[in-house]
Each structure stands twice: as structure tokens, then as C-alpha cells.
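Read-outs throughout are calculated quantities, based only on the coordinates presented, and are distinct from any laboratory measurement. Keep in mind that what you see is a predicted model, and the values were worked out from it rather than measured. Quick reminder, even Gly has a Cβ in these numbers, built from the backbone with ideal geometry, and neighbours come from all protein chains shown.
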Amino acid sequence: MKKLTSIFIGLMFLFSANFSLAGDVQLYHDKAGWQDWWIETFDLDSNNSYEITPFADTSSFQATVRQSLRADPPGLFTWWAGYRMKDMVDAGLVEDLSPIWDKYIAAGQVSPDLAKAFQFDGKTYAVPSLIAFWPMYYNKLVYAELGLNEPKTWEELESNFEKIKASGRTPVGQTIEGRWPAFIWFEEFLIRSDPDFYEDLVEGRAKYTDPQVEEAFLTWKSWMDKGWMDDGSAAFGFTTGDSMNNSFSKGEVVHMLVGTWFASTVTGGGIKEGDEWGYFVLPNKKASLPPSVIFEAGPIMVAKNAKDKDAALDAIDFWMSEAASAKWTELMFFPPHNLNAALPGGEVGELVKEINEGGYRQINRYWEATPTEICEAAVDEISKFVLDPTSYKDVMENLQTLADNYWSNN
Amino acid sequence: MNFNKDTNQAYLYIAPAVILVSLICIYPIIRTFIMSFTDNDGLNPANFIGFDNYIKLFLDPNYIIPIKNTIIWTVLATVFPVAIGFLFAYSIQFLPRSNFFQILIYIPATVSAAAAGVLFGFILDKSGLFNQVLALIGFEHLNRDWLFRAPENTYSMIGAYTWQATGINMMIFLVGLQGLPKEPMEAAKIDGAKGFTLIFKIVIPMIMPYFVIASLLALINSFRIFDSVWVMTMGGPGRYSETLAVTMYREGFIIFDLGYAAAVAVLISLVGLVFSYYYLKSVLTKEDVS
């Protein structure tokens with residue numbers, strides 16, 4: 001019996017030693033491809049050691065994090081901004097990070113505008129792991145061949161499409177593979193005509209049956225009718241030979257509207273960034289509007305009930321520093337969250353410079369800007385429109401029913 | 001009830017299995033059933049909301065498509081694998097080197113549904129193998145994106161599923177056919193029965209218990225179909241290929257309305273339970289007879 005007890009105590013010691021060696025701060029994330037970059041960046045933090053756990057599947061990641069928040073959560077975890085994080089904030093399960101933001105804002109190192117994506121009732125509950133803009137990728141080789149210039153007006157944009165179509169190519173690639181991309185063009189058409197309306201719509205102050213939504217669907221439909229957009233059936237990235245990205249790299253599809261995080265995938269398709277592909281932000285349909293661009297921010301949050309909460313808060317402080325931001329930008333080519341860190345090189349850097357200097361209005365992406373319950377069902381409804389563009393009136397009605405159901409209970 | 005040494009020993013032998021099944025199966029079933037009467041979202045303390053989730057399930061027009069698709073799946077993914085499985089089993093008997101063909105037809109059953117889904121994702125793609133073959137044999141006009149358009153996507157996925165599920169049914173029928181007494185067959189042949197008459201009038205009635213077992217097993221599997229659909233279309237586009245099991249996953253792990261997802265799970269389980277009851281009844285009856 002004595003022997004058994006000694007073995008048991010020995011095992012307990014071994015396990016506890018193992019856990020303490022594993023790291024002071026736990027980070028769960030679902031960006032498995034970023035694992036090495038997380039490690040490299042957090043290696044710069046001399047105050048803390050880290051145990052960084054990647055999840056290959058987003059659904060299991062979400063389920064694990066949500067279920068753990070009341071019991072034994074990791075100190076840090078990545079998530080999605082806006083309404084996607086709101087239920088955690090409402091449940092009081094994530095830490096208010098305003099003091100850390102205030103420190104960096106006071107030092108002039110971060111923009112207070114950036115915090116808006118993570119704010120509820122004036123408090124900021126996350127810091128950014130990802131900042132991305134949603135410009136139009138265009139194939140410069142095709143532009144050169146057809147003698148086209150980056151469009152500065154809606155008319156120039158449509159004129160380019162006409163010429164591209166006449167050359168036997170598809171001007172714009174779109175996809176609804178995996179459901180979620182269906183919202184991409186919906187939000188873009190809305191903000192190009194009335195960004196205020198878009199912000200009202202996602203917050204429930206406007207209706208999906210309003211004329212602005214109808215106009216967006218009709219413009220979209222007219223582009224599809226003219227053959228300026230494909231039917232949405234292509235896969236997104238590399239998954240099949242005729243995926244949107246592969247068709248873009250071959251010059252069969254000449255534009256794609258995707259987040260700047262897609263840049264490495266585009267280059268991986270075999271065409272050179274800068275020389276062969278570039279960005280422009282879509283001009284407004286309503287010319288009098290100031291320039292605007294959709295932006296996306298991916299948050300890192302701190303779990304309130306984490307055992308390593310203090311170390312996690314210290315880690316967040318490190319993350320906001322110039323050193324961490326510069327390293328992260330160097331590795332990921334994301335725009336830096338710390339203003340003292342250098343901009344990334346290449347097309348992303350040029351784009352960020354243009355957005356910053358041009359005073360672009362930065363508009364939150366539909367995926368995060370509207371309640372999840374509406375968004376998840378809305379992408380399926382919008383997909384129905386892509387499958388049958390004549391169905392836009394039914395789609396508008398269905399979208400409004402979804403919105404009514406949500407806003408009447410919340 | 002008398003407990004003697006033998007009885008106690010028997011209880012001890014089955015105890016590990018009972019404990020494991022209770023922990024892994026019975027407990028989650030009870031938890032899911034209770035959860036279906038709550039508004040559990042995985043974050044906040046759950047509140048009891050009575051039959052609201054079930055009422056929502058039956059009144060929500062969005063569930064018409066998943067229910068319709070589940071019925072299509074249940075019928076076709078039962079009929080085709082069972083019928084083709086029987087035809088293969090019956091035909092293979094007359095072939096030399098039948099073992100080789102048995103293995104060949106059974107191999108797809110050893111592939112995971114997710115892997116098969118990925119494979120058929122490539123085959124059924126717009127520029128995939130299936131369209132290439134159609135074009136090669138002069139049916140190019142039939143080319144389409146098989147997983148993108150409804151209802152073609154549901155039928156295409158059932159086709160892919162049939163490829164996988166036929167092997168196991170063939171094995172069930174091979175066991176049945178090998179156990180058939182020779183005399184009635186020979187008597188029927190002497191009386192002039194051959195071809196389809198022999199199959200439908202003699203063989204099938206004689207192996208009917210195997211048909212029942214194969215069909216009920218196929219019904220149970222097809223009614224809860226999830227992995228093939230999720231991998232190939234995620235129920236889309238526009239929810240047009242969604243089945244009830246995909247609905248359950250979507251409500252539970254994407255929208256995190258766990259109470260509602262539990263209600264869908266209970267519904268699927270109840271129907272599965274009915275099929276399972278008849279399946280077990282037929283299996284056990286057969287065992288009693290033998």
C-alpha cells in the first residue's frame with residue numbers, strides 16, 4: 001500500500017511539474033497555420049512563458065472555448081469581433097482591457113479608432129491579432145494587356161469590366177463556397193451607395209426591405225446578368241483547379257474582393273505581388289461619398305476566470321507594444337496595431353498608407369457587425385440570391401423576417 | 001431474485017461494459033434530452049423553457065428543406081446500397097475468383113466518410129472527373145457543378161454514399177446466400193425457374209431476414225447522415241442540401257443554440273430508435289430461430 005501511495009504521489013508530482021513547465025500563459029487559437037508566428041512573436045516576451053495550442057477545426061475550437069469559460073479557461077484566446085464576442089461580454093466572462101488600451105492611446109502608440117471593433121458600453125474587451133482591409137485584388141497583367149487603369153470612379157470601374165468581358169475573361173470572381181463568403185458583395189454594394197444605411201441595417205435601425213437593399217441586389221444582379229461576375233460556384237482558394245484564386249492567377253478572372261490576409265494565397269497561385277497583381281479600393285457608386293473601406297479585426301481576449309489571468313493581462317500589455325507589433329507585422333504582413341511599428345512592405349503597405357493618408361472611413365465587416373443569429377442565416381439567404389438572382393425580393397423578405405425575429409427579442 | 005456465485009460473477013463480467021455504455025452513451029442521452037427543454041447557449045446558465053424548442057422546430061419553415069432532404073436520403077440511401085449490394089452478392093457467386101471482387105467492392109466501406117467526401121468533392125467538381133467522363137462518352141451537355149445546384153447536389157451525394165455503403169450490404173447478403181439450403185433452389189430450377197423468376201420468387205423470399213437487417217441498418221445510417229453532407233456541401237448552397245443532422249450541428253456548433261440543437265438531436269434519435277427497435281427485433285428473432 002505504501003508503495004502504491006508513493007507511486008501515486010510521484011505521478012501527481014510529475015504531472016504538476018509538467019503543467020508548470022508548459023507555460024505561464026495559455027493561448028488557444030484556431031489559426032493553426034499561424035502557430036510558428038505566434039511562438040516567434042511571444043518568444044520576445046521575457047516576462048512570460050507561453051503554452052500555445054492550435055485548433056485545426058473552428059467549430060471544435062469555439063465549442064471548447066465557450067464550454068471552458070466558466071470552468072477552466074485559457075488565459076488568452078482568439079475570437080471574432082463585434083457581435084461574435086458580445087455574448088461573452090454580456091455574460092461577464094471576458095476581461096475589460098480598457099486600462100491597457102488607455103495606456104497605449106495616451107502614449108500615442110495606438111489609434112483609439114481601432115478599439116471600436118471590440119467596444120461595448122465604452123469598454124474595450126480585446127486587442128487585435130489581425131487587422132485586414134477588404135480591397136479589390138486585380139490582375140495587373142490583364143490590365144496592361146488591355147490598356148486599363150485603376151478605376152477612380154464607378155463609371156470607370158464598369159467600363160473596365162465591359163472591356164474585360166469583351167476580351168473573353170470574367171471581370172469579377174465571386175464564391176459562396178463554405179457559406180460565409182456570400183456576404184462579401186452584399187456589404188460592398190451597400191456601402192458604395194450608402195454606408196450610413198449599411199451601419200443602420202446591421203444594427204437593426206433599417207430594414208432589409210428598404211430601397212437601398214433592393215438597389216444593392218439589383219446592381220449585383222445586373223453585374224451577373226451582364227456576365228461581369230461568375231456564378232459563385234468556384235471554390236475559394238487552392239482546393240480545386242478552377243478555384244477563384246487559381247482562375248485569378250491565370251488571368252481568366254480579373255478581380256476578386258477579399259481581405260488583405262488572402263495576399264499570400266494569391267502570390268502562392270503563381271503571380272507576383274506588385275508586378276502582376278495589386279489592390280485598389282472600390283470607388284463609390286455615389287460619387288459624392290467620402291472614400292471608405294471594409295475592415296476586419298480579429299481579437300485576442302482574456303478569460304475572466306482564467307487561473308493565469310494576471311500573466312495573461314501582462315501578455316496583452318506586451319502584445320500591444322511596438323516590439324510585438326513590429327514582429328507580428330514582419331511575419332504576417334498585417335497592418336501593425338502599434339503606430340510606432342513599421343508598415344508592412346508590398347501592396348498591403350501601400351494600401352494601408354493610402355487608407356491612412358486618404359482619410360478613408362473604415363467600416364466594420366458584416367460578419368462581425370451584425371448579430372450572429374442574423375448573419376449565419378443571412379449568408380444562406382444571400383446564397384439563394386447568387387443561385388437565382390431573380391429571387392432578390394423573396395430574399396429581402398426572408399432577411400427581414402430573420403432581423404425581425406432577432407431584434408424583437410433583443 | 002436469487003444471487004448466487006455464478007450470477008455475481010456474470011454481473012461482474014458485464015459491469016465494465018454497462019459502466020462504459022452508461023457513461024459514454026446513456027448519460028449524454030439523458031443530458032441531451034434535458035437540454036432540449038432549455039435555452040442553453042454554452043455560456044450562460046440554462047433556463048427551462050418547456051417545449052419551446054420543439055414548437056420552434058415544427059413551426060420553422062426553414063426546416064422543410066432539411067426534413068425533405070432527410071426523407072430523400074433515407075429512402076434512396078437505403079434502396080440503392082441494399083439493392084446494389086444484393087445484386088453484387090448474387091452475381092459474385094457465379095464468378096471465378098469471387099474473393100477478389102468481394103474485396104474490390106468492399107474497399108470503399110473501409111474509407112472514412114470524411115475522406116470519401118473530400119474525394120467526391122474533387123470528382124463532382126465542375127472540372128472534375130465525373131464531368132470529364134461524361135464529356136468523353138458524348139454527354140457533355142449533362143456537365144454541371146454537381147455539388148452546387150439543388151437537387152443535383154443531394155442526389156450526387158447519395159450516389160457517393162452508395163459507392164461507400166454497397167460493400168457492407170453485399171457482405172450481409174453473401175452471408176445469407178451462402179447459408180441457403182440448396183434443395184429448394186434445385187427444385188425450383190427443375191420446375192423451370194430461372195433468371196429474375198428465380199431471384200424474385202425463390203432467392204429473395206428465402207433471404208428476406210437479411211434484407212430486413214440490411215434495410216434497417218441502412219435506414220438508421222441514412223436518417224442521421226451528417227459527415228458526407230458536411231464535408232461536400234456543408235448543407236449548402238443556401239441550405240438546399242441540408243439534412244436534419246446538419247441542422248443539428250449548425251444550430252449547436254455554429255449558432256450555439258444548444259437547447260434547440262438538442263431538440264433536433266432528440267427527434268433524430270427517436271426516429272433512429274424506432275428503426276433500431278425493429279432492427280434488433282429482427283436480428284434477435286433470427287438468432288432465436290437459429
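A few remarks follow.
- Here the alpha carbons of the protein assembly as shown define both size measures, Rg and Dmax, at 29.7, 101 Å.
- For the cross-link pairs A:Lys165/B:Lys126; B:Lys56/B:Lys281; A:Lys31/A:Lys207; A:Lys285/B:Lys126; A:Lys140/A:Lys226, the ones whose C-alpha atoms lie over 28 Å apart are B:Lys56/B:Lys281; A:Lys31/A:Lys207; A:Lys285/B:Lys126.
- Overall Cα dimensions of chain A - principal axes, largest extent first, Å: 85, 50, 47
- Of all the options B:Ser36, B:Ser22, B:Ser98, the one that moves most in a Gaussian network model of chain B with Cα springs shorter than 10 angstrom is B:Ser22.
- Cβ crowding within 10 Å ranks A:Trp261, A:Trp277, A:Trp328 as A:Trp261, A:Trp277, A:Trp328, fewest other Cβ atoms first.
- Segment B:183-290, Rg to Rh (Cα coordinates; Rh as Kirkwood inverse mean 1/r): 1.22
- Its relative contact order, with pairs defined as Cα atoms under 8 Å and 6+ residues apart, puts chain B at 29 percent.
- Centre-to-centre separation between the Cα atoms of segment A:341-402 and those of segment B:46-84: 31 Å.
- Other-chain or far-sequence residues with amide H under 5 Å of A:Ile131's (modelled H): A:Gly298
- For segment B:55-132, the list of trypsin sites (Lys or Arg not before Pro) that fall in a loop by DSSP and count at most 14 other C-beta atoms within 10 angstrom reads B:Arg97.
- Chain B: most fluctuating residue of B:Val133, B:Val111, B:Val231 per GNM, C-alpha cutoff 10 Å: B:Val133
- Calculated from backbone phi, Karplus (6.51, -1.76, 1.60) coupling profile of segment B:181-187 in Hz, x at Gly/Pro: x, 6, 4, x, 5, 5, 4
- Residues B:Cys25, A:Cys375, arranged from fewest to most other Cβ atoms within 10 angstrom of their Cβ, appear as B:Cys25, A:Cys375.
- In segment B:66-142 the Cα-Cα distances spread across 10 Å bins starting at 0 as 15, 27, 42, 16, 1 percent of all pairs.
- Around the amide H of A:Trp277, modelled in the peptide plane, lie the amide H atoms of A:Lys140, A:Lys272, all under 5 Å away and 5 or more residues distant in sequence or on another chain.
- Long-range amide H partners of A:Ala126 with built H, under 5 Å: A:Leu97
- Computed from backbone phi with θ = phi - 60° and the Karplus coefficients 6.51, -1.76 and 1.60, the 3J(HN,Hα) list for segment A:230-236 is 7, 7, x, 7, 5, 6, 6 Hz; x is used for glycine and proline.
- Cα-based convex hull, segment B:54-289, per residue volume (Å³, whole number): 157
- Net +/- balance of residues flanking A:Trp154 in space, Cβ distance below 15 Å, scoring K and R +1, D and E -1: -3
- Measure of compaction for segment A:135-236 (Cα Rg per 2.2 N^0.38 Å): 1.17
- Sorting B:Trp230, A:Trp134, A:Trp407 from the fewest to the most surrounding beta carbons within 10 angstrom yields A:Trp407, B:Trp230, A:Trp134.
- Take the Kirkwood radius over Cα pairs of segment A:53-114, plug it into Stokes-Einstein at 10 °C and 1.306 mPa s, and you get 117 µm²/s for translational diffusion.
- Net charge in the neighbourhood of A:Gln212 (other residues with Cβ under 14 Å of its Cβ; Lys, Arg +1, Asp, Glu -1) is -4.
- Karplus-derived 3J(HN,Hα), 6.51/-1.76/1.60, for each residue of segment A:103-108, Hz, glycine and proline x: 4, 6, 5, 4, 7, x
- Selection among B:Ala109, B:Ile202, B:Thr243 by position relative to the dipole of segment B:54-289 gives B:Ile202 as farthest towards the positive end (Cβ unit charges, Cα centre).
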